[in-house]
Amino acid sequence: MSNSDSHVDSDSEEFDCDSRRIPLEHLPMFQRLASVNGKINRMKKRQLLDTMRNKMLNTDGELDVLKKRLKNHYRMQALIKAKICESEATYFPYFVVIDIEATCTENNPADYKFEIIEFPAVLVDAKKRKIIDHFQAFVKPSINPKLSEFCIKLTGITQDQIDNADSFEVCLTRFTKWLEEHELGIKHKFSIVTDGPFDMARFLYGQCLMSEIPYPKFATKWINIRKVFKAFYFTKQVKYSVPCNLNAMLTFLDMEFEGNPHSGLDDSFNISRICIRLLEDGAFIDQNERIISLKTPTPYGKDDPLPVRPVHNIFCDGMHSYNHRWFVTQLKSLDLNDGI
């Protein structure tokens with residue numbers, strides 16, 4: 001994969017700031033939102049609930065979740081007014097949830113090359129908050145064409161399904177056409193959603209290297225749903241110590257896994273259910289990870305470095321350090337008080 005064909009950044013940056021730069025006229029908005037957030041933090045529960053009821057917001061959940069829900073409401077209203085978002089649904093009107101399955105053994109060697117054997121996707125309409133379509137393709141591996149008994153038992157994928165499958169290049173072309181059929185990336189904005197960084201940064205990136213094809217542009221940035229989940233439902237003090245995987249997230253939400261675990265399509269459906277629940281609870285879901293190009297691109301084994309960096313998104317994270325007097329004079333033009 002040559003640098004000229006790649007859609008990935010170099011690994012010279014330790015931290016990425018989202019490329020959607022804030023025009024100067026929007027900076028007072030974020031300054032005002034910071035003030036609104038402070039007022040919400042100081043609200044008593046009764047005042048918080050009254051404000052949320054007046055705005056017809058869901059009042060279920062712990063106090064911290066309620067505060068985040070109200071903050072996200074004001075943030076979304078501000079983004080809509082600034083024409084950054086088109087509707088109250090989300091910045092991305094569609095999510096494509098992907099959970100890849102790859103070749104494996106019971107004890108993978110350090111240099112084991114993971115090859116994609118199932119490429120599934122579930123399409124979520126963020127505004128309607130429902131699943132509207134899905135895609136599934138089995139993929140024929142070339143380095144390890146015979147699946148291990150462990151892999152067959154874990155994923156439920158049979159040797160016959162793999163033997164009769166297309167190559168990764170063909171499957172990726174089919175998936176791209178599926179995106180085009182839904183006008184995703186053409187008429188509609190969308191983002192990939194994953195459960196962790198490995199689907200994009202280990203399996204897809206490594207497979208593109210092995211297949212000697214460019215890394216797809218649609219997957220240069222994605223949403224790691226675990227990060228969104230922990231940031232929304234847990235405080236900063238505990239979120240880094242809370243175990244977070246698919247089953248743990250479902251259990252926390254009083255939901256049960258539907259289907260067969262480690263079936264890529266079933267996993268994708270269940271991640272989609274979590275994504276929809278986050279939307280219903282008022283979470284603002286935006287991209288938080290990106291792919292980079294390693295100087296020595298060998299992301300095959302379990303001990304190799306992941307070619308991934310965090311994305312800092314000012315639309316999602318807000319503004320932290322603007323103190324110019326000019327901003328204060330602009331605050332009068334913003335109508336963000338509305339009950340606060």
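Throughout, read-outs are computed from the coordinates displayed, never taken from laboratory work. Since we're looking at a predicted model, the values are computed, not measured. All Cβ positions, glycine included, derive from the backbone under ideal geometry; neighbour counts span all protein chains shown.
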Of the listed links Lys130/Lys217; Lys127/Lys217; Lys55/Lys221, those spanning more than 27 angstrom between alpha carbons are Lys55/Lys221
Yeah, the stretch 143-256 with a ≥ b ≥ c from its alpha-carbon gyration tensor (a/c under 1.5 is rounded, else prolate when a/b outruns b/c, oblate otherwise) is oblate
For Ser35 and Arg53, extending 7 Å from Cα along the Cα-Cβ vector and measuring point to point gives, in nm, a value of 2.9 nm
Ranked output for segments 253-259, 172-178 by mean other Cβ atoms within 10 Å, highest leading, reads 172-178, 253-259
Per the 1/(1 + (r/R0)^6) rule, R0 = 51 Å and r from the Cβ atoms of Asn164 and Asp60, FRET efficiency to 0.05 is 0.60
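Can you tell me the length gained on complete extension of the stretch Lys81 to Asn108, counting 0.36 nm per residue apart and subtracting the Cα distance? Intermediate results must be reported in sequence, preceding the final value.
Values: separation 27, 0.36 × 27 = 9.72 nm, distance 5.16 nm.
Length gained between Lys81 and Asn108: 4.6 nm.
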